Amino acid sequence: MTRTTNISKVTPVVGLEIHVELATQTKMFCRCINQFGDEPNTHVCPVCMAMPGSLPVMNRQAVAFSIKVGLALGCTVPEYTKWDRKNYYYPDLPKNYQISQYDLPLAAHGVFEIPLESGETKAIRVLRAHLEEDAGKNIHDLPGCTGVDLNRAGVPLLEIVSEPDMNSVEEVLGYARSMQRLVRWLGVSEANMQMGHMRFEPNINLHIEAGGQTYKTPIVEVKNLNSFRALERAVAYEISRQTSEWKADPEGFTLAKLGKQNRGYDDNTEKTVFQREKEEAHDYRYFPDPDLPAVVVDEAWRESIAGDIGELPLARRQRYMDAYRLAFQEADALTMDAATGDLLDAAVAVGAEPKRCVNLLLGRAAAIAKERDCTIADLGIAAGQLAELATMLTDSNINATSAETVLVAVIEDGGSPAEIAEVQGLLQVSDTGRLEVWVDEAIAENPDAVAKAREGDKKVLGFLMGQVMKKSRGAANPGEANKLLKQKLGG
Amino acid sequence: MSAASDLTILTAAELAKAIATGEASATAAIEAYLAAIDARDGAIGAYNEVFADRARARATSVDAGEITGPLAGVPIAVKDNMCTTYGRTTCASTYLATFEAPYDCTAVANLEAAGAVVLGKTNMDEFAMGSSTENSSTRMTRNPWDTDRVPGGSSGGSAAAVAAHLCAAALGSDTGGSIRQPAALCGIVGLKPTYGRVSRYGLVAFGSSLDQIGPMTRDVADAALLTRIIAGHDDRDATSLSEDVPDYAADLASGAAGLRIGLPTEFYTDALGGEVRSVIDQAIETYRAAGAETVEVSLPHSRIDIDADGKLSSFAVAAYYIICTAECSSNLARFDGVHYGHRTEEKVEDIIELYSRSRAESLGEEVKRRIMLGNYALSSGYYDAYYNKALKVRRLIANDFAAAFKHCDVILCATTPTPAFRIGEKTDDPLEMYLADIYTNSLNLAGLPGMSLPGGLSSDGLPVGIQLIGPVLGEPTLFRAGRAFEAASGTSRLTSPVIEGQS
Amino acid sequence: MSQPIDENMVRHIGTLSRIELTDDEVRTFAKQLGDVLEYFDKLQQLDTEDVAPMAHAVELTNVLADDAPRNGLSTEQALANAPQHERDFFRVPKVLGEGS
């Protein structure tokens, strides 16, 4: 029997595990190239194939990258950390155990500030971040069988586990996107979703207040989500599914009665689906890996990595708003990655006006970056070039339109902005002698308009200015030209 | 006796010298050994595979001066759990029966870089699990002293090959006694080096925190020579030690005078009986007579007792078997029929059946038993009671040794509770077989070097080994003490009856 | 600790170990594993309260490799020992879902 329950409040409670593939040159335990998308089984060796007698040797850079993320998340990085084997059978896991970290992760207990749409931030607690190896890939579209490609087997994977501090789909997405920005910012991962560099596993349940009581629904872990869209849909679907399941059975559909469940996600239906589990699925028989010595992270190592981190995205965004007087949107756009802001700061450091630089970066340059699917910094503009062009604007040596043209040329072919402007005749002309020629011509060629203008028609004055600019091919200093035109019309 | 068979009488060092000085050719040496294998290995069964063509080719290169080094032209046998790019690496298992490794084991590569000629791969207990070589899927290996008896194990093929003069020297691997116990039973010298002294890269893992490769030789000088060559840091093995390898031959002739020999009370209990005890007692007297001092030391957590029903009892054995089975349950998980090795030919429903049937068909009983024991010891609910407990007891054992070595330079004790037992004698009782390692397990837990060398013969004419134990990186002292015993006792370079029978 | 290991437990461990067992094997292993486990139980006599577990025989730290590529195997070498392969993939029966 179903009774109607008066829900006064539903609070989704979501925690997120994020797997990030680290952008090391080589795999975690062997020196095979860490590279996506090549022919199957081309980056393999006895170690990552689990041939008998092969042994793992830990990649120093993978450890350093993980510590860097841990420190950036405000985690404690303990002095002593070790490697454990997680035992389970799967064809893309050639050793049939995964080298991971069980009880002593590289980083624990941090806080990650994420931006909310309101412009405020929210602190999400990070439970732990540990380093483990990725599995290979099972290919399912072969005739009548599954194929195993081990190119990805043994690629370093950082698993970052949050506390269940997110309470909406928006917060989950905000956290995931901020994490993507952070790991790119730190230079530890390309975090390219198409290449599987980031995968999500949200834990979702609801706290439902009804009839003066709080009900908790069973916690569902959704496995292996490979895109922000899948993450968004899976969480949204779970919120609605759990709400209706609870409504159908308020006393039965509870955490206390049903505990934790795993569900899969179907990309086609955009729904989560029930997954049958093997009886012994969770008995991973973790134990310390005898092949790998422990890692001691001493003060010196920790400090040297911390020194590499620099300013983080949220802090930089705030600084841009405060010091450069940028709008939120502008500051946000400039802190999507570290290098673009670095370029801006470097141009400002040599004397350019911040606002002029920002306008240049967020104009045609941003559009080209979007077309090329890269960051603004990736366009290859040097700080000196940016500063030179910005200063030309400040000094009225070029107008805004021409500056864009010059910037495009800088992006395409490189070179000095001043020289490009000179060669292309884009330098702004303020010299009265040269301006006078264009103004006189415009007056001579448009007697009717001149007559109207002299009668006080302001609109026609604009038309005549347009003619002057046209004759100068955009090079005339508009202020000076306007002054001169008014003089000549006897205004 | 022909001139060719004379060469098989030489130790590795002597043969290397004869070849280097031109007294003998490498080709003659190889031919002599190939002839010996033809003549005697049918009765012994030491080899799983002999690389006759390759060995001849290398010998030709040695004779042409193209291959040089301290072991140039010396034929060495290698246990079949060390990967080589030539021949197969089977671990005496059906699972790997056709496996051809695309890489070389570092220790074997080091030997060949020193000019040695790998003569073949020797039989063993499957995946090195056993103490008699009866757990081999390939053949029976017999003890050259009495072919009704086992050669010991798991490096039984290497021990028998050395004792029957079917190679100049051999490599074995030792996880809980697998070099020292067969060395003792076959009357040869066997050293398990300090953990990490020799790279494990290319050694098919059994118990990763316990496994070490070591030499099996006719005398202590050869053991020192081979150890020098196979030892050293390897950047492919994260557990290999970076300390420089000393010249182990340097102290060989220093004698026993001034050596402090520790006698652990707990190894000299009622459990040590009969003929082994009298050989050990004799060895103690020999050392004293040679000027060594003996001191009583204590290893409480390695104590060996005999319990009410006559079974040997030791905490170290319990801890050892928990740890080695736990590690092997995970190490051998990779043998699943997917990337290499045996796959069932029966039709299977799914991947789980493919795994379970392939493994069931191709792994032997003892291997299955140990994998299951290990999975039990690690499984949820039992981890703390078994595996973690064993790791703690391991520390207690290691601490005992560290304390004992404050009072002595080397420890002397038995290698095995008895001389070689009869084929089939212990195969029905796994636990009984495990207890054959009771004097050797604790060193592996503590990572210490240990060497077995011939102590004398039993009244049946079977060899009895004595075991010397050193502190971490104490190999130089082991070689010195071992050589001193050889010199004083005259028990070195024993000749097994199988060879005498030929002459 | 010393509860004898029953046949159900042996079957469960067989599943964990991915080893198919015959009924005979289950019976034999139940007895043999029971004997060995009983032997293991003697460790319970020792007080290890404040003892740190020792997972490595020689306890090294920070053995780390430089992140510099080395040559691995060719695809041909990688597949040479494979029981079955489909093009350049290792071939296994159809597998559904992720993880196990």
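Give the lysines reachable from A:LYS257 as a straight Cα distance under 25 Å; neighbours fewer than 8 places away on the same chain don't count.
A:LYS9, A:LYS216, A:LYS223, A:LYS247, A:LYS271, A:LYS278
Given the DSSP H assignment, sum -39500 (n - 2.57) over each helix run of at least 4 residues in the protein assembly as shown and divide by its residue total; what's the result at 222 nm in deg cm²/dmol, nearest 500?
Calculated at 222 nm, the ellipticity per residue is -11000 deg cm²/dmol.
Quick one: net charge of B:ARG218's neighbours, Cβ under 11 Å, K/R +1, D/E -1?
-3
Calculate the all-directions average of the projected area of region B:313-392's alpha-carbon convex hull, and give it in nm².
Approximately 6.2 nm², given one-decimal rounding.
Within 10 Å of each Cβ in peptide B:191-200, how many partner chain Cβ atoms are there on average? Round it to a whole number, please.
Per residue, the average neighbour count from other chains is 2.
Near B:GLY73, within a Cβ-to-Cβ distance under 13 Å, what is the net charge of the other residues, with Lys and Arg +1 and Asp and Glu -1?
-3
Taking only Cα atoms of region B:85-145, what ratio of Rg to Rh do you get with Rh as the Kirkwood inverse-distance radius?
1.01
Of the DSSP beta bridges with both residues in chain A, give the percent that are antiparallel, rounding to the nearest 5.
So the antiparallel bridges in chain A amount to around 90 percent.
Can you give me the orientation-averaged projected area of the convex hull built on the Cα atoms of chain A, in nm²?
Taking a quarter of the hull surface, the average projection is 34.2 nm².
Give or take rounding to whole Å, what are the principal axis extents of the alpha carbon atoms in region A:311-423, in descending order?
Largest to smallest, the principal-axis extents are 41, 30, 20 Å.
Kirkwood Rh over Cα pairs of chain B into Stokes-Einstein at 4 °C, 1.567 mPa s: D in µm²/s?
On the way: Rh = 22.4 Å.
Here the translational diffusion coefficient equals 58 µm²/s.
If you average 1/r across every pair of different Cα atoms in region A:30-86 and take the reciprocal, what Kirkwood value do you get, in Å? Please report the intermediate quantities before stating the final value.
Values: mean 1/r = 0.0714 Å⁻¹.
14.0 Å is the Kirkwood radius here.
What list of ³J(HN,Hα) couplings, whole Hz, do you get for region A:310-317 from phi and the Karplus terms 6.51, -1.76, 1.60, once you set θ to phi - 60° and write x for glycine and proline?
Here the 3J(HN,Hα) series is x, 6, 8, x, 5, 5, 5, 4 Hz.
Based on the alpha carbon coordinates of region A:285-330, what radius of gyration and maximum Cα-Cα distance (Dmax) apply, in Å?
Both quantities, over Cα of region A:285-330: 19.9, 56 Å.
Please compute the net charge surrounding B:ALA109, taking Lys and Arg as +1 and Asp and Glu as -1 over other residues with Cβ under 14 Å from its Cβ.
Counting the neighbours of B:ALA109, the net charge comes to -2.
Pop out the ³J(HN,Hα) list for region B:246-259 in order, Karplus 6.51 cos²θ - 1.76 cosθ + 1.60 with θ = phi - 60°, rounded to Hz; leave Gly and Pro as x.
Couplings: x, 7, 5, 7, 4, 9, 4, 9, 6, x, 8, 4, x, 5 Hz.
Which value in nm describes the separation of the simple spin-label points at C:ARG11 and C:ASP24, placed 7 Å from the Cα toward the beta carbon?
Roughly 1.9 nm, to one decimal.
Under 5 Å between amide H atoms, partner at least 5 residues away or on a different chain: which partners does B:SER199 have, H built in plane at 1.01 Å?
B:GLY232
Using Cβ counts within 10 Å as a stand-in for footprinting exposure, how do B:ASP244, B:ASP437, A:ASP291 rank, fewest first?
B:ASP244, A:ASP291, B:ASP437
Quick one: which residues, 5+ away or cross-chain, put their amide H under 5 Å from the amide H of C:ARG87? H built at 1.01 Å from N.
none
Which of the aspartates and glutamates could be linked to A:LYS355 by a straight reach, that is with a Cα gap under 12 Å, when you skip same-chain ones fewer than 8 residues away?
The reachable aspartates and glutamates, counting only those whose Cα sits under 12 Å from A:LYS355, are A:GLU330, A:ASP345.
Once you have the alpha carbon radius of gyration of region A:382-491, what is it after dividing by 2.2 N^0.38 Å, with N set to its residue count?
Values: Rg = 15.9 Å, N = 110, 2.2 N^0.38 = 13.1 Å.
For region A:382-491, the normalised Cα radius of gyration comes out at 1.21.
Amide H of A:VAL44 versus every other amide H placed in the peptide plane: which residues, excluding those fewer than 5 positions away on the same chain, fall under 5 Å?
C:LEU73
Average the reciprocal distances over every distinct pair of alpha-carbons in region A:432-488, invert the result, and give the Kirkwood radius in Å.
10.9 Å
Limiting things to C-alpha atoms, what are the Rg and the maximum Cα-Cα separation (Dmax) for region A:202-246, in angstroms?
Rg, Dmax (Cα atoms, Å): 11.8, 39.
For the protein assembly as shown, what are the per-bin percents of Cα-Cα distances with bins 10 Å wide, up to the bin holding the maximum?
So the P(r) values, bin by bin, are 2, 10, 16, 18, 16, 12, 9, 7, 5, 3, 2, 1, 0, 0.
Tell me, what is the FRET efficiency for A:THR432 and A:ALA382 to the nearest 0.05, using R0 = 41 angstrom and their Cβ-Cβ distance as r?
Efficiency, rounded to the nearest 0.05: 0.70.
What are the ³J(HN,Hα) values, in whole Hz, obtained from phi via the Karplus relation 6.51 cos²θ - 1.76 cosθ + 1.60 with θ = phi - 60°, for each residue of region B:378-389 in sequence order, with x given for Gly and Pro?
9, 6, 4, x, 10, 3, 5, 6, 10, 4, 5, 4
Every number in this text was worked out from the coordinates using simple rules, so none of it is lab data. None of the values given here were measured: they were computed from a predicted structure. So basically every Cβ, Gly included, is an ideal-geometry build from the backbone, and we count neighbours across all protein chains shown.
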